[in-house]
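The values are calculated or read from the model by the stated rules, or taken from the named source; none is laboratory data. Being a predicted model, the structure only gives us computed values, none of them experimental. In this analysis, Cβ positions are derived from the backbone assuming ideal geometry, glycine residues included, and neighbour counts consider all displayed protein chains.
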Amino acid sequence: MTGLIGRWWGPAVGGLFLAFPAMLCASATLVQTHERRRKKEAGLTGDRRGADAAALDAAGAALGSVGLMAFAAVVLRTTASAPWSSLALATLAWAAAAGCCWWIYKRFRKARS
């Protein structure tokens, strides 16, 4: 899929998607294994907690991706005119996008419970 994205929109856009799948799977697996080991040491099974921790990690990765897209969009639009200030502006855009996604996520979870 990353290859197709790179072919359609160029290597710069394709590169944004290159590492995400590998990092997400590895991160979720490590989180789940860590939680299971902690619970086993305490004498519990830890299956449910490990799965919940991995799911939370995956949700964080998805929310972070939205922030990364906002960062990339701002850098793409402003680098030519203001190279140094574009990074500061992009960081603010990332923080705003990730913060809004987090707020929406929290509201959605609260409404479901």
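So the values come out like this:
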item	result
Hits in segment 69-87 - residues which are surrounded by fewer than 16 Cβ atoms within 10 Å (Cβ to Cβ) and within 14 Å of the chain's Cα centre (by Cα)	Met69
2 or more residues modelled with pLDDT of 65 or more and more than 24 Å from Ala97 (Cβ to Cβ): qualifying helices (runs of 4 or more DSSP H) within segment 1-87	2-9, 20-41, 47-78
Of the criteria (1) farther than 24 Å from Trp9 by Cα; (2) surrounded by 14 or more Cβ atoms within 10 Å (Cβ to Cβ); (3) of a type in the set (A, V, I, L, M, F, W, C), which one Trp94 fails	(1)
